Every structure is written in C-alpha cells, then in structure tokens.
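Only one structure is covered here, and it is reproduced in the block below.
The values are calculated or read from the model by the stated rules, or taken from the named source; none is laboratory data. Every value quoted in this text rests on a predicted model; they were computed, and no experiment measured them. Because the Cβ atoms are built from the backbone with ideal geometry, glycine has one as well, and the counts that use them run over all protein chains shown.
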Amino acid sequence: MKVLMLVIDQQRIQLESLYEGVANHCSLDLHRLSTKDQSNLPRYFKKNINIHKYERIILFIRFKWTLRQTNFIRKIPNLVILEHDACQDFIPQSKYYGKFSSYFNTVPWAKVLVSGATIAEKFRKNNDTDAIFIPKGYDQKLLKNTHQPRTIELGFIGSIDRETYTERKKIILQAKEELGLFVTRTNSGQEYLEVLNKIQFFLSADIGLGENMVKNFEAMACGCVLIAYDQGEFENQALGFIDMHNVVLYDNFDTLRIKFKKLKANTTLSMEISRNAQSLAEKKFSFNGIGKKIINEIEQPLRKQKKSNILDLLRKIKLSKYT
C-alpha cells in the first residue's frame, strides 16, 4: 500500500521509531511539516503533494491547525486522521472540550485512529465516527530495562501544571507528601532512560483522561512496576492489563496507599509484576508493533465520501464557532 504520512517536524516526544514502524509495513512517503506548513495546508499540498499517488493519506499534525482548515481537509481523498489528544474532547477543563467531535463530524468518511479504547467507543457511539483504537506505545530502540539498581522507590516523571492535569496534580502532590513520591522532569532520550531505570514503582495519575498516557508503556518497558489509575474494565481488557499481575490499578488514594504498602512488603510479587509488565510492553506496545497495527487497520476499506448536504453545513457552522 502506498501511504503518505504528514507529521510535525519537531515533536517533544521522540516518534522516529513509530514512523519507521509504519514504513516497515507499507510503501511510505513521510513529510515533516513546520508550523508554517501546518498552518497553510492548501499551499503545502499544492507545492509538494500529488494526492492521486496514494491509497491512504495520514494526517498527524497539531490539532489547532487542522481545526482551522476543515474546508480543505474535507477535500483530501483516502483520509486517515491519527490523533493522540482526542481524549481532551471529554475533559471539561480542556480548551478543546467538544471540539474533536465537531471536527470529526466534518469528515465522517475518514478513518480516525485514537489512543484510547474507551475514547474510540465514545466517538463511534456519539458521533458515528469510524474510530479505531491504537495505543500510544513506546520507542523500543531507546527504552529498555538496563537492569541497574532501582534507587528511587516511588517516582513520577512529567508535568502536573497544565489545566488539563488538575486531578493528576492533586494525587501527585498527596503521594509526594504521604508516600515520599519523587517528582521530576527530564530531557527526552538518554536522561529519560536513565531516570526511568532508577524507579522501582512508577506512579501514573491519568485521572479524568479516559486512557493511558505514553509514559505508562515506557515505564513498563523499562522494568518499572506501573501503578496506574484504573480507566475501567473495557480499557484494561483492550490493553491486556490485569491488576496485580502486570499492572497495579487504583481508583482513589486509599487504594493506592494500601496497594503500595503491600508491594513494598512483598518483593517477590513486585518483581513478578515488573517482569509481566515488561513482557506485555515488548509484545504489544513497541513502536514497530504499533506501526504494523496502524497499517493493518487502515488497509481496511474506508467509508464512501458523500456529497455535502444540509447536515454537513450545520456541522461546519457549529465548528466555525471554535475557529
């Protein structure tokens, strides 16, 4: 299959191995778009793209730019949208609350790849979007268990200051005060690898997001015991998460405290969960495997594109409120 993939030229998260994973399973043309390119897709396509060469065109750029260019995006044939932030559609604190739904409604024939099983189900039921679940995964070339001493008992790496992360911040600060949680931020790459491998128990607090963030899979791959907020049985089954077998799940701080105490007292159990988590990550969540899953999904037939009607016009009017 001949595929065009349009991506952000400078990502905060290292995604080169993901693009390689996609390329391993199709004939891929990868275009890296600057902010200027993303902000003017008609000009970029006119100068650089022959759309008739491709069986699928994957759009994986910043949502704020796609939101402003729906009239043009509707004209892209064989469209696939890869979106890692669609969970914000359901987060009231997010500036994009409800806006992904409006955007997807303007291109109902597109296949939409989102990073949460529950999120995909909501889009299918609420919007009749052709939404497919593709987990975020991890870079298998960079991240692995280096088997060094775990000098940080309980750790968290990441940001807690964004409005979207209000609930995360509460539980992180409480865990810092009561459980001795070590909170830090690192550069991507080698420094991130080294710090992850120092952490024995990695605390994830994706509360209110409805899905698991990328750090969860990265921590598992590096041999941490992942202590994660429980996103529900539907999500856990889709990922293969089994509580106290390959992941430790909690639904409130009391549960977190009790399970953490149990883990500290049972080294054998902790080591078993760590091994099972790493094995699951390597089998299901490497970027090479995720790339293959993307191609397997988009090889399936797309919906037929229909001519605009009055409902499409009303959707565009609703969307225009956000642009």
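Is it true that Leu263 is more than 27 Å from Cys87 (Cα to Cα) and either surrounded by 15 or more Cβ atoms within 10 Å (Cβ to Cβ) or touching a strand residue (DSSP E or B) at 6+ places or on another chain (Cβ under 6 Å) (or both)?
Numbers: more than 27 Å from Cys87 (Cα to Cα): yes; either surrounded by 15 or more Cβ atoms within 10 Å (Cβ to Cβ) or touching a strand residue (DSSP E or B) at 6+ places or on another chain (Cβ under 6 Å) (or both): yes.
In short, yes.
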For this session: Scan region 148-163 and report the pairs whose first residue is under 18 Å from Leu179 (Cα atoms) and whose second residue is hydroxyl-bearing (Ser, Thr, Tyr) and part of a loop (DSSP other than H, G, I, E, B), with Cβ atoms within less than 7 Å and a gap of 6+ or a chain change.
Result: Ile157/Thr186
Exercise. So which of Ala120, Ala131, Ala110 ends up being in contact with a strand residue (DSSP E or B) (Cβ under 9 Å, 6 or more places away or on another chain), free of Cβ contacts under 8 Å to residues at least 24 places away in the same chain and buried (at least 20 other Cβ atoms within 10 Å of the Cβ)?
Worked result: Ala120
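So that you can scan it fast, the table gives a plain yes or no per residue for (1) assigned to a helix (DSSP H, G or I); (2) more than 27 Å from Asn212 (Cα to Cα); (3) touching a Leu at 6+ places or on another chain (Cβ under 7 Å); (4) assigned by TED's automatic domain parsing to the domain that holds Lys111:
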residue	(1), (2), (3), (4)
Gln10	no, no, no, yes
Ser17	yes, no, no, yes
Gly21	yes, no, no, yes
Phe45	yes, yes, no, yes
His52	yes, yes, no, yes
Leu59	no, no, yes, yes
Asn71	yes, yes, no, yes
Leu82	no, no, yes, yes
Exercise. Are there any pairs, at least 6 apart or on different chains, whose C-beta atoms fall under 7 Å, with the first in region 1-29 and in contact (Cβ under 8 Å) with a residue 12 or more places away in the chain and the second assigned to a strand (DSSP E or B) and basic (Lys, Arg), and if so, which?
Worked result: Met1/Arg56; Val3/Arg56; Val7/Arg32; Asp9/Arg32; Ser27/Lys2
Seminar exercise, completed: Expected single match for touching a Ser or Thr at 6+ places or on another chain (Cβ under 6 Å) and either under 30 Å from Gly180 (Cα atoms) or of a type in the set (Ser, Thr, Tyr) (or both) among Asp89, Asp139 is Asp139
For this session: Could you check how many residues of region 239-267 are assigned to a helix (DSSP H, G or I) and over 18 Å from Leu154 (Cβ atoms)?
Result: 1
